[in-house]
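Encoded as structure tokens, the structure appears first; notes follow it.
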Amino acid sequence: MTATLASCKRDFPILGREVHGHPLVYLDSAATAQKPRAVLEAVRRYYEQSNANVHRSVHTLADEATALYEGARQKVAAFIGAERPEEVVFTRGTTEGLNFVARGWAARHLKPGDEVVTSPMEHHSNLIPWQQVCRQTGARLRFIELSPDGTIDLQSAARVIGPKTRLVALSALSNVLGTINPIAAIAEMAHAVGAVMVVDGAQSVPHQVTRVQELGADFLAFSGHKMCGPTGIGVLWGRMERLEEMDPILYGGEMIAYVSRDAATWAAVPAKFEGGTPNIAGAVGLGAAVDYLTAIGMEAIEAHDRRLGELAYRRLASVPGVTVYGPPAPRGGLVAFNLAGIHPHDVAQVFDAHGVAIRAGHHCCQPLMQWLDVGSTARASFYLYNDESDIDRLVEAVEATKRYFGQ
Amino acid sequence: MSTDDSLEALYRETILDHNRSPRNRGQLPDATATVGLLNPTCGDQIRLDVKVVDQRVVDIRFTGHGCAISMASASMMTEAVKGKTVEEALGLARDFKRFLTGERPQHDLGELEALSGVSRYPSRVKCATLAHNALEQALSGSPPNPAGDA
């Protein structure tokens, strides 16, 4: 492990491969990040040396597996500045974490006439759970409007968040606009009216320093695979008192304290939410990813990703026929864009032929596409292993696409 | 596959031409059937207007937005089925969808065979079949068989 930003690309075996005769330029980290050798080896070592079920048996392997699993929880807790490791609940990913809050907390606490507040820039995973729980409870879903540049309109937030608000759900960083949202300010408004603040950290936790105490969140959900960890592992962090007043979602093994024929009591947080055999290898891999990112330094990664995002925005915006979306700066390390007269899927296909991997589509943000008045967009997203030469390749691919479609 | 080979396999000149200059684009005020379809994975949309007289497709128009593959496929399909009987048109749609999964077509698909490269890109098959699904729905009055959706 080299553990410096400048040379970290060599830690990622997949980035050495070619696509259609070109060295791969991977610009789809907002969808999923690539994995450094340290993560791949931690998972392999776990399976080769310590594989056993956790919290159950007394043999050596079970002790090792449990120590690795709980060690990963401690690493994640330190990574986000949680007060206690028990506040870290392992999930499958951001979607599951947000659904847990909707079903375990909101379904229990919302009453008819209560209001849930979110924004039109949310990923479907931070929208549909609230739509559903509002439908079930008779609560009303309301939206903070966006300013024309794709940032949160704080005046709208102040109007929408009021005495009826019980829960505010907002992403910390938009997966399309690149907007860095003012979570602390919104959380203050939410807490002033006694509402709970839920933060979708899928795009922010991998790319920004996260201190949950300063963030002002009551819940924060994020995914391991977008931060160099394996797929299928994620985290729901919550303040202990909020997690304690939340119902379990999955009933079964591991999540109980005492069971009789007719009833059961629940284990303490976080076991209460981790019914069934957890994704132990995934947690171990996530712990290794946290170690890797920490060794490089989240401050450096945050500055690097923002710089690439802002540079890519400027460079793409200067190409005739290219429309870019969201604020120029500050922004996270991703840029959504369109080429005039060329569908984003065709753009992504031509990029692929040039070895440049980007995403095209609605990015699980159909209401945001409606707000932007587009069907879909292309999106380039950056991470620690990208550099300015990748932006050169991105711009070259744009020019090649325009030539190819005769624009 | 090199850059050029991989693109040529997918975007034949015929496709680029139909994408640039779509045929039968627009709406039919006297349509006997109108179908709107959406490809939820990419947001592509098509509206197909069909005028059937005496079991024959006498006119057909489409509007919508989508990638070059879906728009060219719609354009070529409208040219291929105009003047055909309903039965022939349905046969063509089904044959085309089989063709995209790598099977040999039973009939001459004409220009639509330019879309053969799509069969190597599973993520793009839905783009190429959108208009054909709309046609099946318009002519049979019921949603197409999802099994044929590839």
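Do you know which residues across segment A:344-380 are part of a loop (DSSP other than H, G, I, E, B) and under 25 Å from A:SER125 (Cβ atoms)?
A:ILE358, A:HIS362, A:HIS363, A:CYS364, A:CYS365, A:ASP373, A:VAL374, A:GLY375, A:SER376
Which residue is nearest to the chain's Cα centre (by Cα), if the candidates are limited to segment A:341-364 and must be modelled with pLDDT of 95 or more and more than 10 Å from chain B (Cβ to nearest Cβ)?
The extreme case among them is A:ARG359.
Give the residues of segment A:352-368 that are within 30 Å of B:ARG12 (Cα to Cα) and either free of Cβ contacts under 8 Å to residues at least 24 places away in the same chain or crowded, with 19+ Cβ neighbours inside 10 Å (or both), sorted by residue number.
A:ASP352, A:ALA353, A:HIS354, A:GLY355, A:VAL356, A:ILE358, A:ARG359, A:ALA360, A:GLY361, A:HIS362, A:HIS363
Go through A:ALA82, A:ALA42, A:ALA33 for me and flag whichever is surrounded by 14 or more Cβ atoms within 10 Å (Cβ to Cβ), on the phi < 0 side of the Ramachandran plot, in a helix (DSSP H, G or I) and in contact (Cβ under 8 Å) with a residue 40 or more places away in the chain.
On inspection, the qualifying residue turns out to be A:ALA42.
Scanning for something buried (at least 16 other Cβ atoms within 10 Å of the Cβ), assigned to a strand (DSSP E or B) and without any contact (Cβ under 8 Å) to a residue 12 or more places away in the chain, does segment A:262-269 turn up at least one residue?
No, the conditions are met nowhere in segment A:262-269.
Within segment A:308-339, which residues are in a helix (DSSP H, G or I) and either touching a Ser or Thr at 6+ places or on another chain (Cβ under 6 Å) or under 12 Å from A:VAL395 (Cα atoms) (or both)?
First, pick out the residues of segment A:308-339 that are in a helix (DSSP H, G or I): A:308-317.
A:LEU311, A:ALA312, A:TYR313, A:ARG314, A:ARG315, A:LEU316, A:ALA317 - these are the residues of segment A:308-339 that are in a helix (DSSP H, G or I) and either touching a Ser or Thr at 6+ places or on another chain (Cβ under 6 Å) or under 12 Å from A:VAL395 (Cα atoms) (or both).
Restricting the first residue to segment B:99-126 and requiring it to be at positive phi and without any contact (Cβ under 8 Å) to a residue 60 or more places away in the chain, which pairs with a second residue that is polar (S, T, N, Q) and surrounded by 13 or more Cβ atoms within 10 Å (Cβ to Cβ) meet a Cβ separation below 7 Å and a spacing of at least six or different chains?
Short answer, once both residue conditions are applied: B:GLY102/B:SER119.
Which of the residues that make up segment B:3-14 are within 10 Å of chain A (Cβ to nearest Cβ) and either in a loop (DSSP other than H, G, I, E, B) or under 22 Å from B:ILE60 (Cβ atoms) (or both)?
Across segment B:3-14, the qualifying residue is only B:TYR11.
Condition first: in a loop (DSSP other than H, G, I, E, B), among the β-branched types (Val, Ile, Thr) and under 20 Å from A:GLU310 (Cβ atoms). Now tell me which residues in segment A:169-204 satisfy that.
The one that is in a loop (DSSP other than H, G, I, E, B), among the β-branched types (Val, Ile, Thr) and under 20 Å from A:GLU310 (Cβ atoms): A:VAL176.
Pairs needed: first member in segment A:1-20, of a type in the set (Ser, Thr, Tyr); second member anywhere, outside any loop (DSSP other than H, G, I, E, B); C-beta distance under 7 Å; at least 6 residues apart or different chains.
From residues that are of a type in the set (Ser, Thr, Tyr), the pairs are A:THR2/A:CYS8; A:THR2/A:ARG10; A:THR2/A:ASP11; A:THR4/A:ILE296.
Tell me, which residue of segment A:194-203 that is within 15 Å of the chain's Cα centre (by Cα) and either surrounded by fewer than 24 Cβ atoms within 10 Å (Cβ to Cβ) or aliphatic (A, V, I, L, M) (or both) is farthest from A:GLN34 (Cα to Cα)?
Applying the filter and picking the extreme gives A:VAL198.
The values are calculated or read from the model by the stated rules, or taken from the named source; none is laboratory data. Just so you know, these numbers come straight off a predicted model, no measurement behind them. Don't worry about glycine lacking a Cβ; one is built from the backbone with ideal geometry, like all the others, and counts go over all protein chains shown.
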